[in-house]
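This report refers to the structure that appears directly beneath it.
The values are calculated or read from the model by the stated rules, or taken from the named source; none is laboratory data. Predicted, not measured: the structure shown is a model, and the values here were computed from it. FYI the Cβ positions are ideal-geometry reconstructions off the backbone, even for glycines, and counts take in every protein chain you see. Protein only, heavy atoms only, side chains kept; ligands, DNA and RNA dropped before computing areas. Shrake-Rupley method; radii C 1.70, N 1.55, O 1.52, S 1.80 Å.
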Amino acid sequence: MDKVPLNLSPEEESLLESLEQQNNWDGYPICKFQGFWLPFWLFHPLLCFQRNFKARDTDIMLSSMPKSGTTWMKALLFVIANRNQFPIDQSPLLVNSSHKLVKSLECDYYMEHDNPDLETLPQPRVLSTHLPHQALASSLIDSKCKIVYICRNPLDQFISEQHFFLKNRLWPNATVCPLDESFGMYCDGVHAFGPFCDHLLGYWNASLENPDRVLFLKYEDLKRDSLSEIKKIAEFVGLPFSEEEEKAGLVGEISKLCSFDKLKDLEVNKKGVHYGTITNNSFYRKGGVGDWVNHLTPEMADRMKKLLEAKLTGSGLML
Ligand code: A3P
């Protein structure tokens, strides 16, 4: 595998060495840290984020497992938060990938710099993370910032991620596991940012404890009733639509602008490059609900059903 610079201090190196380690199903090493599996390349950025990030009460934080609808929610949050500055037909989303407009704390900002200057970002800052709730910087937990979490049917999320790994070949000399092996690791919770059930439950429980701080959304609800969900999000982040905006049909316009078909066909998303071998178009595959039936056996689906019953019963969370 090509070497990714980890930028570890001697202390971080010995801490990493002391942790349980495995290979993710994309072939890249992960370590068990603070109760979840973290890719090695994010070890140093995570520590810098936890040490240095200063949350603001006005921040809007998007949290998700990869392949749960992050790209879509970034687009929606950017447009909702900046709608007074940019009319829909002049939205920066028309010429920029949503990952450029809403960057990830651990994969972008703290990957590039140990202590990035986030003070000059326009307010409200819209930021994103794949980290589980228990790994968020304490300043974020202590602030009044808004956390929007999006989850997705784990079978669809798993299939989406397997396709993403196969298409992008993130680690040129690493082998992506065959589907049944990857699925086994996913169900065992051994995968980047997993176990996914703990990821879901961490944010789910936080949303029950602090409903005005954490909004828990489902990809499938957003697909089924985008307009109501968009209104819910805007209200939650403290930027509700006015009567005039609603009458003018702004919610529908935002929904259309951020729809799969619209974004997928934009030049920037058809041709642009995200990082290295990752193309913008790899974030737009099918954009539907239930594609797992085309890839997984009924036995695999049954295994997942039993796993979810065992892990989620009593939590109130239904997937
Ligand atoms: P599929 O692979 O099932 O098509 P993430 O953004 O978290 O990486 O998730 C990617 C998944 O969300 C992919 O799912 C992708 O097609 C889908 N997606 C991207 N943009 C979307 C949009 N605007 N509306 C609905 N789904 C979208």
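Please state which one of Leu94, Leu105, Leu38, Leu46 is within 16 Å of the ligand (Cβ to nearest atom), within 30 Å of Tyr186 (Cβ to Cβ) and among the aliphatic types (A, V, I, L, M).
None of the other options fit; the residue is Leu105.
In the stretch 107-125, what residues are among the hydroxyl-bearing types (Ser, Thr, Tyr) and part of a loop (DSSP other than H, G, I, E, B)?
Thr120
List every residue pair whose Cβ atoms sit under 8 Å apart, with the two residues 6 or more apart in sequence or on different chains, where the first one lies in the stretch 282-294 and is among the aliphatic types (A, V, I, L, M) and the second, anywhere, is open to solvent by less than 60 Å² (accessible area, probe 1.4 Å) and near the ligand (Cβ under 9 Å from one of its atoms).
Val289/Asp156; Val289/Tyr219
Give the residues of the stretch 7-21 that are open to solvent by less than 80 Å² (accessible area, probe 1.4 Å) and polar (S, T, N, Q), sorted by residue number.
Of everything in the stretch 7-21, those that are open to solvent by less than 80 Å² (accessible area, probe 1.4 Å) and polar (S, T, N, Q) turn out to be Ser9, Ser14.
Among the residues of the stretch 294-314, is there at least one that is open to solvent by 70 Å² or more (accessible area, probe 1.4 Å), among the basic types (Lys, Arg) and within 12 Å of the ligand (Cβ to nearest atom)?
No, the stretch 294-314 contains no residue that is open to solvent by 70 Å² or more (accessible area, probe 1.4 Å), among the basic types (Lys, Arg) and within 12 Å of the ligand (Cβ to nearest atom).
Can you list residue pairs whose Cβ atoms sit under 9 Å apart, with the first residue in the stretch 105-128 being of a type in the set (Gly, Ala, Ser) and the second being assigned to a loop (DSSP other than H, G, I, E, B) and modelled with pLDDT of 95 or more? Count only pairs 6 or more apart in sequence or on different chains.
What qualifies is Ser128/Val102; Ser128/Lys103.
It is to be established whether one or more residues within the stretch 123-133 are more than 18 Å from Cys258 (Cβ to Cβ) and at pLDDT below 95.
yes
Please find, among Leu250, Leu215, Leu200, the residue that is open to solvent by less than 50 Å² (accessible area, probe 1.4 Å), touching a Phe, Trp or Tyr at 6+ places or on another chain (Cβ under 6 Å) and under 21 Å from Trp72 (Cβ atoms).
Leu215
Return the total of residues in the stretch 54-71 being open to solvent by 10 Å² or more (accessible area, probe 1.4 Å), part of a loop (DSSP other than H, G, I, E, B) and either at negative phi or touching a His at 6+ places or on another chain (Cβ under 8 Å) (or both).
Qualifying residue count for the region: 6.
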